[in-house]
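> Dropping the structure in here first, questions after.
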Amino acid sequence: MSKKTPNTLTYPTSWTAKYSSKDKAMIRRIVDWLNDTSNIEKGWTRTLLARQATISSTTFHQIMDGTYPSPPTSHLKKAIEVMEHDVERHERGVHAKNFVETSVYGAVLAACKRAHIYRGFAVVSAFVGTGKTTAVKHYAKEHESAVLVEATPDMTAAILLAEIVELTGAVVHKSKYTQGTKAEKMRAIITALKGTDRMLILDEAETVTPQCLEFMRRISDKAEVGVVLSGTERLKPLIKDPRGRFGQISSRVIFWPQVIKGITELDANALTRAAMKDDDVELTDEILDAFWQMCDGSARVLCNSLIPGVRDYGLNKGKELTPELVFGVGNKLLGFERPKSPRGK
Ligand SMILES: Nc1ncnc2c1ncn2[C@@H]1O[C@H](COP(=O)(O)OP(=O)(O)O)[C@@H](O)[C@H]1O
Ligand SMILES: [Mg+2]
């Protein structure tokens, strides 16, 4: 089954007494929205919706199953608001990002390929904002067989397994009384993955509970599928120590590149060019260098703060794009210091 067609969500068949008819209507609306093909393609899942709405995934899963013991109204309103914002963002083109094959993407691609081919573990550690999530999402979009799980800090093994079930379309034996135990979900996932060319990617892997990684290892072992763990610099030492929390995994890692501390100057230049391709400006070497100096090795600072800031506070006010404008915006409006000696030089 393709990952683009995960399990269709259904309306709850029973509700606790705390659900009003408005709550039930909101749940139906959320279920319909999550089942919508275009939203599935955009990667929306219950877990992602919960995360964006800042509802604990455990709570949200309970609410959506009709088993939440308290009035769920305020949580549901938050989820609906996230959905409405997403529609608005798409209308305004905020999501239209230009993907660039950065050095971080290169490292992620190598890790994914090795894990995929050799069906083992690959670990990518890179500082925040360097483009890990963008890279793994791109890989998963390009490779039908890759299953991307985006971890949440409160992700328990139960939520992780529910998420993998949803993403892989694994068929869990459910009774009238339970949605399937962890063991049943494991069995279903292994059956769904074994003998296939699929692989799993866990993003933000350093944030999950040890039990989650233990389940990833067992899935990898039993189903014989590769796993990529992507995370910050905190991930590597967590797994590296064979006697540490995740020691069981360290002996299975087949690919383990150096921790990536930042994007390179070439990355920064390429990202700036791609992000500003529709702005009517000339990107001289000096301007590119100013963006590079001010971004501090972070693709996020560059693409999500500096460039929009330069646009909003400079270009849209009729100012000319100069290195001084870039330094000024970074410094005055976003609070970044201009480095005394440029990074990496
Ligand atoms: N390869 C890329 N192409 C285009 N933009 C990128 C790329 N990598 C990162 N970015 C930009 O940087 C931001 C942060 O990247 P993200 O993948 O969330 O970093 P991380 O997961 O390492 O914290 C993204 O929202 C995007 O704007
Ligand atoms: Mg990330």
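The values are calculated or read from the model by the stated rules, or taken from the named source; none is laboratory data. This one's a predicted model, so the numbers in the text were calculated from it and none came from an experiment. No Cβ is skipped: glycine too gets one built from the backbone with ideal geometry, and neighbour counts run over all protein chains shown. To get the accessible areas, we keep the full protein, side chains included, count just its heavy atoms, and leave off ligands, DNA and RNA. Shrake-Rupley method; radii C 1.70, N 1.55, O 1.52, S 1.80 Å.
> Across the stretch 19-37, what is the total count of residues that are surrounded by fewer than 19 Cβ atoms within 10 Å (Cβ to Cβ), in contact with a helix residue (DSSP H, G or I) (Cβ under 9 Å, 6 or more places away or on another chain) and either in a loop (DSSP other than H, G, I, E, B) or modelled with pLDDT under 95 (or both)?
Total satisfying the criteria: 1.
> Out of the stretch 228-251, which residues are out of contact with any helix residue (DSSP H, G or I) (no Cβ under 7 Å at 6 or more places or on another chain) and surrounded by fewer than 18 Cβ atoms within 10 Å (Cβ to Cβ)?
To start, the set of residues in the stretch 228-251 that are out of contact with any helix residue (DSSP H, G or I) (no Cβ under 7 Å at 6 or more places or on another chain) comprises 233, 236-237, 243, 247, 251.
Those that are out of contact with any helix residue (DSSP H, G or I) (no Cβ under 7 Å at 6 or more places or on another chain) and surrounded by fewer than 18 Cβ atoms within 10 Å (Cβ to Cβ): Glu233, Pro237, Arg243, Gly247, Ser251.
> Of the residues Pro12, Pro69, only one is open to solvent by less than 30 Å² (accessible area, probe 1.4 Å) and of a type outside the set (A, V, I, L, M, F, W, C); which? Working first, answer last.
Details: Pro69 fails: open to solvent by less than 30 Å² (accessible area, probe 1.4 Å).
That would be Pro12, the only listed residue that is open to solvent by less than 30 Å² (accessible area, probe 1.4 Å) and of a type outside the set (A, V, I, L, M, F, W, C).
> Starting from the stretch 119-134, keep only residues that are touching a residue at least 60 places away in the same chain (Cβ under 8 Å) and more than 22 Å from Asp221 (Cα to Cα), then list their pairs with residues that are hydroxyl-bearing (Ser, Thr, Tyr) and more than 9 Å from ligand 2 (Cβ to nearest atom) whose Cβ atoms are within a distance under 7 Å, requiring at least 6 positions of separation or different chains.
Gly129/Ser298; Thr130/Ser298; Gly131/Thr102; Gly131/Tyr105
> Which residues, taken from the stretch 199-227, are assigned to a loop (DSSP other than H, G, I, E, B), surrounded by fewer than 21 Cβ atoms within 10 Å (Cβ to Cβ) and at negative phi?
Hit for the stretch 199-227 is Thr209, nothing else.
> Could you count how many residues in the stretch 270-292 are open to solvent by 20 Å² or more (accessible area, probe 1.4 Å) and farther than 17 Å from Glu101 by Cα?
10
> Of the conditions (1) open to solvent by less than 80 Å² (accessible area, probe 1.4 Å); (2) modelled with pLDDT of 90 or more, Val87 satisfies every one except a single condition; which number is it?
(2)
> Can you name the condition, by its number, that Ala274 falls short on among (1) in contact (Cβ under 8 Å) with a residue 40 or more places away in the chain; (2) more than 16 Å from ligand 1 (Cβ to nearest atom)?
Going through the list (1) in contact (Cβ under 8 Å) with a residue 40 or more places away in the chain; (2) more than 16 Å from ligand 1 (Cβ to nearest atom), Ala274 breaks only (2).
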